[in-house]
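Here is the structure we will look at.
The values are calculated or read from the model by the stated rules, or taken from the named source; none is laboratory data. Given the structure is predicted, the values throughout are model-derived calculations rather than measurements. Note that each Cβ is placed from the backbone with ideal geometry, even for glycine, and that neighbours are counted across all protein chains shown. With ligands, DNA and RNA removed, areas are computed over all heavy atoms of the protein, side chains included. Shrake-Rupley method; radii C 1.70, N 1.55, O 1.52, S 1.80 Å.
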Amino acid sequence: MNTPTSASSLNGIANIRLPAWLLPGNWPRHAGEPVTADLRFDAGKISALMPSRPRQDDLWNLHGALALPGLIEPHAHLDKTFTIGRSRPSKPGLLAAIETMHQDRQHWTAADLHQRAKQGLAWAAANGVTHLRTHIDWFDVIPPLAWFELANIVQPGVTLERVALAPLSFFADAEAADRIARTVAQSGKHSLLGGFIHSSNWDPAAMTNLMRSASRWQLDLDLHIDEELTSVANGLTWLARYLSENEFSGHICCSHGCALASGSEQQAQEVLTLLAAQPVTLITLPMTNLLLQDAVPQRTPRQRGITLLKEAQAAGIPVLLGCDNVQDAFCPAGSYDPLDTLSCALFALQLANVFDQQSRLICDVAALTGQKQTTLPLAVGSDASLIIFPGSDSATWPLNSAARLVINHGQLTRQRTWNAELSHES
Ligand SMILES: [Zn+2]
């Protein structure tokens, strides 16, 4: 069977290689690797998942190509994206990038925001992203234009979440904190409360207000926390202790957490042990952290600035990888491809078993939302949405994997391939 036409409904796909983490424990193996799978679709859902059998002539045979469920982008900034051409920081580092972003805001009209954010979402969808969470900067206790503009952007096949990113100082006043949380809660589903928590604005009273207002309005949180290298950053340590002493109803994503890698092993283990007992996910952002931490002009960086991913995994804390900024003052490059992020993490974090285990870092929606997961992503009854990589194998992936087929609810919706990669089809 040749490549089906776009938007045609598929009966299913045969002979795909799925990663070990999403297969049942008793899945057969050959030469140490899971054997390939056949998937049957019915009305946009998976109706069967089984080890491959020969002669499934009504299915599209992928000849052992790697496949994953829909990818996630857990941490983006669609309000800032694609501004590097007009706003380039004159100095390296996080605080200089923030300054440049404030200068760029004069251009943030409805049309400008819409065009840039739409482009970012479209690129993500073409890469196979089915769930994207964007932070949106708030510059006051009332929502910015971007909060509303981005709510109106629809990208078929992609769930878009918005996080209100306010500096911690906005929560110093309990009434203001409550007003921000109420506005977010009344913004409809897929809205979360966020905050920028850093040594430069540290205020434990404001943190208490932030946590209490989120709880009162039953909001999940996604915090930019300890995005710095100082060993005395307060955010994660304070949060871990607060959660062990106070009730919190929602789920919390902690993004960055760079400082965790700067303190002592004992300090880090204490924080991770406390967080492991809470509904907390750690989001690592290797590309921007490598770029913005330990950034000094004319000097090669000595530190990586990346949080303790392996220690968090060992402690049982869910972990995800995100891209953070794309083509703006914080990061001049990027393409909304989670495989770029995973490729970067493979080397920066020295990851092993990347396809069979660590590909979960760019697919785990339950880790992002905190929703209880009762079945694996491609189990019977799940959405028939997956990404196929015809150009690479498990040793090559995620490198050399630009070629991609995107299946959304049982239909081939996008394909980016070269003839050589599909030559086995002819
Ligand atoms: Zn960010």
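Annotations for the structure displayed:
- The listed residues are S169, S187, S213, S200, and the only one of them that is modelled with pLDDT of 95 or more, open to solvent by 40 Å² or more (accessible area, probe 1.4 Å) and of a type in the set (G, A, S) turns out to be S169.
- Which numbered condition H135 fails, given (1) away from the ligand (no atom under 16 Å from the Cβ); (2) at pLDDT 95 or above: (1)
- Flag: S244 matches the condition of being touching a helix residue (DSSP H, G or I) at 6+ places or on another chain (Cβ under 6 Å) and open to solvent by 20 Å² or more (accessible area, probe 1.4 Å).
- Output for segment 367-385, where each listed residue is farther than 22 Å from L39 by Cα and surrounded by 13 or more Cβ atoms within 10 Å (Cβ to Cβ): A367, L368, T369, G370
- Scope segment 127-185; condition within 22 Å of the chain's Cα centre (by Cα) and among the hydroxyl-bearing types (S, T, Y); matching residues: T130, T134, T159
- Complete set of residues in segment 349-371 that are part of a loop (DSSP other than H, G, I, E, B) and polar (S, T, N, Q): Q350, N353, Q357, Q371
- The conditions of being away from the ligand (no atom under 16 Å from the Cβ) and either farther than 30 Å from L192 by Cα or crowded, with 18+ Cβ neighbours inside 10 Å (or both) are met by A65.
- Taking the criterion of being modelled with pLDDT under 95 and touching a helix residue (DSSP H, G or I) at 6+ places or on another chain (Cβ under 8 Å), the residues of segment 90-126 that qualify are S90, P92, G93, L94, L95, A97.
- Of K91, K118, all but one fail to be under 21 Å from T341 (Cα atoms) and of a type outside the set (A, V, I, L, M); the exception is K118.
- Considering residues of segment 225-240 that are in a loop (DSSP other than H, G, I, E, B) and out of contact with any Pro (no Cβ under 9 Å at 6 or more places or on another chain) only, the residue nearest to the ligand (Cβ to nearest atom): E227
- Candidates F355, F347 - the one that is surrounded by 18 or more Cβ atoms within 10 Å (Cβ to Cβ) and of a type in the set (F, W, Y): F355
- For segment 343-357, the count of residues that are acidic (D, E) and assigned by TED's automatic domain parsing to the domain that holds D38 is zero.
- Cross-chain or 6+ apart pairs with Cβ under 7 Å, segment 74-86 first and more than 15 Å from I98 (Cα to Cα) and away from the ligand (no atom under 16 Å from the Cβ), then open to solvent by 10 Å² or more (accessible area, probe 1.4 Å) and of a type in the set (A, V, I, L, M, F, W, C): none
- L221 falls short on exactly one of the conditions (1) within 16 Å of the ligand (Cβ to nearest atom); (2) of a type outside the set (V, I, T); (3) open to solvent by 40 Å² or more (accessible area, probe 1.4 Å), and that condition is (3).
- The residues on offer are L150, L160, L193, and the sole one that is of a type outside the set (S, T, N, Q) and closer than 14 Å to D222 by Cα is L193.
- Residues located in segment 300-318, provided they are more than 18 Å from L368 (Cβ to Cβ), away from the ligand (no atom under 16 Å from the Cβ) and in contact with a helix residue (DSSP H, G or I) (Cβ under 7 Å, 6 or more places away or on another chain): R304, L308, E311, A315
- Which numbered condition L346 fails, given (1) assigned to a helix (DSSP H, G or I); (2) more than 16 Å from R17 (Cβ to Cβ); (3) touching a strand residue (DSSP E or B) at 6+ places or on another chain (Cβ under 7 Å): (3)
- Annotation: of all residues in segment 253-287 being assigned to a loop (DSSP other than H, G, I, E, B) and away from the ligand (no atom under 16 Å from the Cβ), the one that is modelled with the lowest pLDDT is G263.
- Applying the set (1) in the same structural domain as T284 (by TED's automatic domain parsing); (2) hydrophobic (A, V, I, L, M, F, W, C); (3) under 20 Å from L68 (Cβ atoms) to A312 leaves exactly one unmet item: (3).
- Segment 319-337: number of residues that are buried (at least 19 other Cβ atoms within 10 Å of the Cβ), more than 15 Å from the ligand (Cβ to nearest atom) and more than 16 Å from L260 (Cα to Cα): 1
- Residue in segment 257-278 that is open to solvent by less than 30 Å² (accessible area, probe 1.4 Å), under 27 Å from A329 (Cβ atoms) and over 22 Å from the mean Cα position of the chain (by Cα) present: no
- Listed conditions (1) within 16 Å of the ligand (Cβ to nearest atom); (2) surrounded by fewer than 20 Cβ atoms within 10 Å (Cβ to Cβ) are all met by P51, apart from (1).
Conditions tested, residue by residue: (1) assigned by TED's automatic domain parsing to the domain that holds R162; (2) open to solvent by 40 Å² or more (accessible area, probe 1.4 Å).
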{"residue": "G25", "(1), (2)": "no, yes"}
{"residue": "G44", "(1), (2)": "no, no"}
{"residue": "D58", "(1), (2)": "no, yes"}
{"residue": "P89", "(1), (2)": "yes, no"}
{"residue": "A96", "(1), (2)": "yes, no"}
